[in-house]
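Here is the structure we will look at, set down as structure tokens.
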Amino acid sequence: ELKEIVFVIQSQSNSFHSKRAEDLKRDILKQAADLGKELPTVLLIHEMDGHEGAWTILPLMKDFSVTYGRNSSWIFFCEEDTRIQVVKLLETLGRFDGSKECFLGKALYDEESTIIHHYAFAENPTAFKFPDFAAGWALSIPLVNKLSKKLKSEPLKSDFTIDLKHEIALYIWQKGEGPHLTPVPEFCTDDVSSYKADHCATTFSNFLPLCGEPVKKEDIFIAVKTCQKFHGDRIPVVKQTWEREAALIEYYSDYADISIPTIDLGIPNTDRGHCGKTFAILERFLNHSSPRTPWLVIVDDDTLISIFRLRKLLSCYDPNEPVFLGERYGYGLGTGGYSYITGGGGMVFSRIAVQKLLASKCRCYSMDAPDDMVLGMCFSGLGIPITHSPLFHQARPMDYPKGYLSHQIPISFHKHWNIDPVKVYFTWLAPNTEESLNGKKVGYNREDL
């Protein structure tokens, strides 16, 4: 029965994202009403509780078990851009025995062991499957009850949340004692309008959001963090690739080099974190850039980024809101920690977010503290939510499953290690004519980089 499915939308509190999640909720309830069925429960994660780590899902298992453990059969999770054919979803779930411990989803796997999964399953990376959240994924209630019980006796240990879908699958797998992910062919990430989507219970509707005219080049100020030892090898890559897309760009270093040119902020380079340098950049943006520039992007000198696509994405956000956007990680979320935007993929700030941050007294606890984590801590203390976009990437293209990247038009990748960064940029990120003309998803000719 439809009323036995609890839908959980992995929503966010930023106004753009919460509206999309509300639209999806309305669509699910309308489909249910049109079927003449009793309405299912539809939950939005960002509304569920004040817990900073609600987006990591596992801490919510106790609530799910207590509230829905008796009268429900499945918890079905999806993203705000997942599109659901309710009738087909009912048929699909009906094929599985909900009285057993079931973990269902569209399977992703690593082709080679990767840093973002701590090189797990190095002998055979393809053996371990984890769910693509964009296609939706489901847990049977007996499994939810089991996880809830386990969490009571063994609180979550991991300090960092880096790739949630992989970490949830690992937790459920329990070193081979729990269920593996069961791949479900009806859980799809094909475009809604694709001919391939006919058999699908779920599809995916958004490869790169666009909400009107792209933001003007002049409305984005780009700050590149560098230091003297990388002027010779990393900066030329930026100049050969994405610098031409930026109207306002400055390079911040520990040495003023007029050939680039770089600006010496008077802060020595540190080997560990760069908190002192990043806060100096934030001060400079507020006090020296045009007060009309609504957006600031801070990137590393080995970040590859598409400013062309970022301008489209930013058309969806209100610069009058405090926005802190990028790829979200978590620290200590099982024990009241905080979320943060990981720096290598690029950190995007609205001017008002920078104003609120600097008006607070939150600062680096040391000059070489990790800047991205300190920023996360500060914004968390100010009650300003981190806004996640899966289009920013802290690692290289080969560090992500191909199936995951296939439904994205990515905005950034990071690190030059063991790759030709110029080639990666032109294969994955460079604007091309077709994309420029109609803003549609493009069939890239991507080599295996």
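Summary of values
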quantity	calculated
Residue match in region 197-205 (condition: open to solvent by less than 30 Å² (accessible area, probe 1.4 Å), under 28 Å from the mean Cα position of the chain (by Cα), free of Cβ contacts under 8 Å to residues at least 40 places away in the same chain and under 30 Å from ASP132 (Cα atoms))	yes
Region 271-289: number of residues that are of a type in the set (Ser, Thr, Tyr) and either open to solvent by 70 Å² or more (accessible area, probe 1.4 Å) or in a helix (DSSP H, G or I) (or both)	1
Test: residue in region 60-80 that is surrounded by 20 or more Cβ atoms within 10 Å (Cβ to Cβ), part of a loop (DSSP other than H, G, I, E, B) and under 25 Å from the mean Cα position of the chain (by Cα)	yes
Residues of region 307-340 that turn out to be more than 23 Å from ILE162 (Cβ to Cβ) and open to solvent by less than 10 Å² (accessible area, probe 1.4 Å), as a count	3
Count - residues of region 384-404 that are of a type in the set (Phe, Trp, Tyr) and open to solvent by less than 10 Å² (accessible area, probe 1.4 Å)	1
Residue within region 13-29 that is in a strand (DSSP E or B), out of contact with any His (no Cβ under 6 Å at 6 or more places or on another chain), open to solvent by less than 50 Å² (accessible area, probe 1.4 Å) and within 21 Å of PHE187 (Cα to Cα) present	no
Filter result for CYS364 (part of a helix (DSSP H, G or I), within 23 Å of GLY273 (Cα to Cα) and not aliphatic (A, V, I, L, M))	no
Pairs, first assigned by the TED database to the domain that holds PRO142 in region 86-109, second among the polar types (S, T, N, Q), C-beta under 6 Å, six or more apart	VAL86/GLN31; GLY98/SER73; GLY98/SER140; CYS102/SER140; LEU104/THR182; TYR109/THR126
Any hit, region 383-391, residues being over 17 Å from the mean Cα position of the chain (by Cα), outside the structural domain of GLU111 (by the TED database) and over 22 Å from TRP55 (Cβ atoms)	no
Tally, over region 40-59, of residues that are modelled with pLDDT under 90, assigned to a loop (DSSP other than H, G, I, E, B) and more than 20 Å from PRO131 (Cα to Cα)	4
Tally, over region 347-361, of residues that are touching a residue at least 12 places away in the same chain (Cβ under 8 Å) and either of a type in the set (S, T, N, Q) or not in a strand (DSSP E or B) (or both)	10
Residues located in region 180-212, provided they are farther than 30 Å from LEU147 by Cα and touching a helix residue (DSSP H, G or I) at 6+ places or on another chain (Cβ under 9 Å)	ASP190, ASP191, HIS199, ASN206, LEU208, PRO209, LEU210, CYS211
Search result, residues across region 91-137 that are of a type in the set (Gly, Ala, Ser), assigned to a loop (DSSP other than H, G, I, E, B) and closer than 14 Å to TYR404 by Cα	GLY136
Residue in region 259-270 that is assigned to a loop (DSSP other than H, G, I, E, B), without any contact (Cβ under 8 Å) to a residue 40 or more places away in the chain, of a type in the set (A, V, I, L, M) and farther than 25 Å from LEU325 by Cα present	yes
The listed residue being at negative phi and at pLDDT 95 or above, out of LYS106, LYS62, LYS37	LYS106
Check on PRO214, in contact with a His (Cβ under 9 Å, 6 or more places away or on another chain) and farther than 23 Å from GLY344 by Cα	no
Residue check, LEU248 within 26 Å of ILE411 (Cβ to Cβ), in the same structural domain as LEU357 (by the TED database), touching a helix residue (DSSP H, G or I) at 6+ places or on another chain (Cβ under 7 Å) and surrounded by fewer than 18 Cβ atoms within 10 Å (Cβ to Cβ)	yes
Subset of region 120-146 (residues that are farther than 24 Å from VAL192 by Cα and among the charged types (D, E, K, R))	GLU123, LYS129, LYS146
Matching residues in region 290-306 - criterion: being open to solvent by 10 Å² or more (accessible area, probe 1.4 Å) and part of a loop (DSSP other than H, G, I, E, B)	SER290, PRO291, ARG292, PRO294, ASP302
Check on LYS217, within 25 Å of SER389 (Cα to Cα) and surrounded by fewer than 20 Cβ atoms within 10 Å (Cβ to Cβ)	yes
Identity of the residue in region 137-160, under 30 Å from LEU208 (Cα atoms) and out of contact with any Lys or Arg (no Cβ under 8 Å at 6 or more places or on another chain), that ends up modelled with the lowest pLDDT	PHE160
Residue, least open to solvent (accessible area, probe 1.4 Å), within region 138-175, restricted to residues that are part of a helix (DSSP H, G or I) and more than 26 Å from PHE96 (Cβ to Cβ)	SER153
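The values are calculated or read from the model by the stated rules, or taken from the named source; none is laboratory data. Given the structure is predicted, the values throughout are model-derived calculations rather than measurements. Virtual Cβ from ideal backbone geometry, glycine too; neighbours counted across all protein chains shown. Accessible surface areas use protein heavy atoms only, side chains included; no ligands, DNA or RNA. Shrake-Rupley method; radii C 1.70, N 1.55, O 1.52, S 1.80 Å.
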